[in-house]
Amino acid sequence: MSSKQQFVALSDGHFIPALGFGTYKPNEVPKSKSVEATKLAIGVGYRHIDTAYVYHVEEEIGQAIQSKIKAGDVKREDMFITTKLWCTCFRPELVRPSLEKSLKNLQLDYVDLYIMHFPVPMKSGNNDFPADGQGKLLLDTVDFCATWEALETCKDAGLVKSIGVSNFNHRQLERILNKPGLKYKPVCNQVECHIYNNQSKLLDYCKSKDIVLVAFGALGTQRYKECVDQNSPVLLNDPVLCDVAKKNKRSPALIALRYLVQRGVVPLAQSFKENEMKENLQVFEFQLSSEDMKTLEGLNKNFRYLPVKCFADHPEYPYSEEY
């Protein structure tokens, strides 16, 4: 594996690279950008690539990975690839076909990590966001514990090495952990986590259960117009963060990432620029003092850039809980 990366142990004996490359892409960005950016990311040293069925870039990510493998730049076993089960495929009989579709898109025999994207099941069909005539989402009543059992069988079949969840609160995690006949517990919970929403209570809970917290939006998201309120504060412009960055002679982005890494969180960083990708990998080259960590801790305001309000009416909407 790349010397630039450090690793975090998962509860099932596998290891996840301590910094990941995020691949979410809004509609206005051409798909070819995803191929290009992923190739660049692998080229500069990323070995952990995070994608999802609903991002609709799995094919492009697969092309990028395969071209790097064919060029001899990387081996499959050096890569850690995550993808996610979308909410319309939570019925147990849909889980394996959905994973197999993702594997075909990615041109892979297995993924390293497969996670439930959100604890909110939606009506199955061809639409990612099925809605009624009034535009209201058509939700489903599947128990995600039954979905989890289907994920366990995918692991047993060798289609995935590790299984986890995303956007779950501690009560929802508890339900899986206390499920009768549980075979494998979630190795991770991927959530929005950054200096404005540091998830300290959820992080403590996850650590107590040996669940790794993976952070999306680690740099305050890419602020894409389709999903982020453009009036929300720009995290990397925060004056306190900028002061800490100046003091450490690093960029605000590096400080924001280091803050997470030092707390045992695995951040996902996304960029389409090679210089930024390279710079983000420098997160392992320095340490923040406990004083700096405390200063950054003080910036928390439990603020979400991505509250996913369209799910708010569902009884499983995770953000009604404090953590």
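Every read-out reported here was derived from the displayed coordinates using simple, explicitly stated rules and does not represent laboratory data. Since the model is a prediction, treat every value here as computed from it, not as a measurement. Neighbour counts run over all protein chains shown; Cβ positions are idealised from the backbone, glycine included.
What do you get when you divide the Cα radius of gyration of the chain by 2.2 N^0.38 Å, with N the number of residues?
Scaled against compact globular proteins, the figure is 0.95.
Determine ³J(HN,Hα), in whole Hz, for all residues of region 82-95 in sequence, where each value follows from phi through the Karplus function 6.51 cos²θ - 1.76 cosθ + 1.60 and θ = phi - 60°; x replaces Gly and Pro.
10, 9, 10, 7, 7, 5, 7, 10, 7, 5, x, 6, 9, 5
Count the DSSP beta bridges whose two residues both fall in the chain, then state the antiparallel fraction as a percent rounded to the nearest 5.
Just about 20 percent of them are antiparallel.
So who's got an amide H within less than 5 Å of the one on VAL266, skipping anything under 5 residues away but keeping other chains? H placed 1.01 Å off N, in plane.
Result for VAL266 returns LEU213, VAL214, ALA215.
Rank LEU159, THR147, ASN126 by how far each Cα sits towards the positive end of the charge dipole of the chain (+1 on Lys, Arg Cβ; -1 on Asp, Glu Cβ) and give me just the farthest.
Checking the options against the dipole of the chain, the answer is LEU159.
Can you list the HN-Hα couplings for region 98-112, worked out from phi with the Karplus curve (6.51, -1.76, 1.60; θ = phi - 60°), rounded to whole Hz and with x for Gly and Pro?
Once rounded to whole Hz, the list reads 5, 5, 5, 5, 5, 5, 5, 4, 7, 6, 10, 7, 7, 10, 6.
Could you list which residues have their amide H under 5 Å from that of GLU192, counting only those 5 or more apart in sequence or on another chain, with H placed in the peptide plane?
Amide H to amide H, under 5 Å and 5 or more residues apart or across chains, GLU192 pairs with PHE216.
Could you work out how far the C-alpha centroid of region 1-55 sits from that of region 91-162, in angstrom?
Answer, in whole Å: 20.
With +1 on each Lys and Arg Cβ and -1 on each Asp and Glu Cβ, and nothing else charged, work out how big the dipole of the chain is about its Cα centre, in Debye to the nearest 20.
About 480 debye.
Tell me, what HN-Hα J-couplings in whole Hz come from the Karplus equation 6.51 cos²θ - 1.76 cosθ + 1.60 at θ = phi - 60° for each residue of region 295-303, using x for Gly and Pro?
4, 5, 4, x, 7, 4, 9, 6, 9
May I ask which residue of ILE81, VAL29, SER290 lies farthest towards the positive end of the charge dipole of region 7-315, with charges of +1 (Lys, Arg) and -1 (Asp, Glu) on Cβ and the Cα centre as origin?
After comparing all options, I get SER290.
How long are the semi-axes of the equivalent ellipsoid of region 145-299, taking √(5λ) for every eigenvalue λ of the Cα gyration tensor, in whole Å from largest down?
The equivalent ellipsoid of region 145-299 has semi-axes of 32, 17, 15 Å.
How much net charge surrounds GLU174 when only other residues with a Cβ under 12 Å from its Cβ are counted (Lys, Arg +1; Asp, Glu -1)? Mind showing how you got there, number by number?
Values: positive: ARG171, ARG175, LYS179, LYS185, LYS209; negative: GLU321.
Once all neighbours under 12 Å are counted, the net charge is +4.
Within straight cross-link reach of LYS294, meaning Cα distance under 26 Å, which lysines are found once same-chain residues fewer than 8 apart are removed?
Straight-line reach from LYS294, under 26 Å: LYS201, LYS207, LYS209, LYS246, LYS247, LYS249.
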